1. With the cut-off at 20 Å, report for the range 248-317 the share of all Cα pairs above it, as a whole percent.
2. If you take every residue apart from D258 with its C-beta less than 10 Å away from the C-beta of D258, what net charge results, scoring Lys and Arg +1 and Asp and Glu -1?
3. With θ taken as phi - 60° and the coefficients 6.51, -1.76 and 1.60, list the Karplus ³J(HN,Hα) couplings across the range 70-79 in order, rounded to whole Hz; mark glycine and proline as x.
4. Between A199 and N41, what is the label-to-label distance in nm when each label sits 7 Å out along the Cα-to-Cβ direction?
5. What is the extension gain from T84 to T172, computed as 0.36 nm multiplied by their sequence separation minus the C-alpha to C-alpha distance, in nm to one decimal?
6. Taking each pair of distinct Cα atoms in the range 74-139 once, what is the resulting Kirkwood hydrodynamic radius in Å?
7. Once the convex hull of the C-alpha atoms of the range 39-153 is built, how many Å³ does it hold per residue, rounded to a whole number?
8. What does the charge count near N311 come to, summing +1 for each Lys or Arg and -1 for each Asp or Glu among other residues with Cβ under 15 Å from its Cβ?
Amino acid sequence: MFDQARVWVFAAMVATAGCGAADESLEPDDSVDAVTVREGNYDLASSAGSGQPYTGIAVLGSRAYLAKGYEGVHVVDLRTMRVTQRVWSDRNGRRIPADGLQVIGRNQVMAYWQGQPLGSLDDNRQMLFLTVFNTTSMTVTRTVSIDLTGTYESTSGPISDLPNVEAFVDATSNTLWISFGHLSRPDRLYATAMPAANANLSLRALPNVREYTVENPHGVFVAGNTAWVPSSSDGLRAVDLTTRRASVRASRVGYLVDLYARNTTGFAADHDGNLVVLDLTTGRTVATRELPGFTDGLTWANGQVFSVWRNGITVVRDVWSGR
C-alpha cells in the first residue's frame, strides 16, 4: 500500500537518480541455460541490504528478478544465490519501480507498481504503472500508465485506504488483467488489450474492457479458458471466461495473494507464510510448505517453484504437476 512515509523515501531516491542504473560489469545474461537450484530457503539479506521487502519474482535463464517497491528491481544470480544488481532506473533514467514482476516474452519482463506519478509529490493522482524492460540490456522498452484517480480509491478515508491493485498479462491473447481488492466499492477484475507501445490511459476509458466481479481478488492468473483468482477472503476462485461466472474452487486455505497454475496444479502464496499446492480440479490441498516469513509472490521455472518472502527466496522442486 502507498503511504506518506513512502513518498518521502521515494523523494530522496529521486534526488539521487542514476545511482541505481544498470552496472555494465553485472549485466544479466539470459542466454545462459536455465539452472537447477538446490531446494531450500535462501536469505539474501547479506547481499540485498535492508529497505522494502521483496513482493514479486520472475525467473529467466540463470537470473531471478525480484520486486522491491520504489527501490526497483534486484537481480539474483541463481548459480550463487546472491544479489548481483540493484536497478532503480535504466540507462536512460527511466524508473522501474516494482510491486510485482512477470515474464511476458523472451528476455522481456513486466513490472507493475501503484502510486503517485513518479517524481511528483504534489500530484494527488493515483496511478498504475506497467514497465516492460529487456533483461539483457536492462533498458525499458515500453511504459504504460493507467490513471486510477476518482475510480477506486476511498472517498472518505486517508490515502492509505487505497485498494490492492495488481496486474497480469495473458501472453497468449495479449490481454492485460487488472485486479482491485479490499474496497468499500465492489471488487473487480478488468481485462483489456495490452498496449503495444507507450501509453497513458484512464481506467474509465480502457478500450474494449471486460469486467468481472470477484470478491477480494489478489491478482489473477489466466490458463486456457479460466482466470484463477486468489482471494484473501475465500481461498481460490475460478472465473469461466465464457460464462463470466466466478465459483469458489478452494476455501479455507489461507490468505492467498498470488498463484501460478500449471496443468491441473496451482501453486499459491499464502501471505501468512506458506506455499500451498492445490489440485485445481478438486480444490484439494495437496501439500504445504512453511516459509521463513510473509510471502507475496511466486513463479514456476525449470521444474521448480520460486517463492519470494521479505528478505529471500524459497526453492521447491515441482513433483506435482509434471514437466
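1. Working: 458 of 2415 pairs.
In whole percent, the long-distance tail amounts to 19.
2. Working: positive: none; negative: E166, D270, D296.
Neighbourhood net charge equals -3.
3. Calculated HN-Hα couplings, in order: 6, 7, x, 10, 9, 9, 10, 7, 5, 6 Hz.
4. If labels sit at A199 and N41, their model points lie 4.2 nm apart.
5. Numbers: separation 88, 0.36 × 88 = 31.68 nm, distance 3.18 nm.
In short, 28.5 nm is gained.
6. On the way: mean 1/r = 0.0763 Å⁻¹.
Taking the inverse mean of 1/r over all distinct Cα pairs, the range 74-139 comes out at 13.1 Å.
7. Numbers: hull volume 13.8 nm³, N = 115.
Roughly 120 Å³ of hull volume per residue.
8. Working: positive: K68, R82, R86, R310; negative: D43, E71, D296.
Value of the local net charge: +1.
Each value in this text was obtained by applying a stated rule to the coordinates, not by laboratory testing. Owing to the predicted nature of the structure, the values given are computational and were not obtained by experimental measurement. We place every Cβ from the backbone using ideal geometry, glycine too, and count neighbours over all the protein chains shown.
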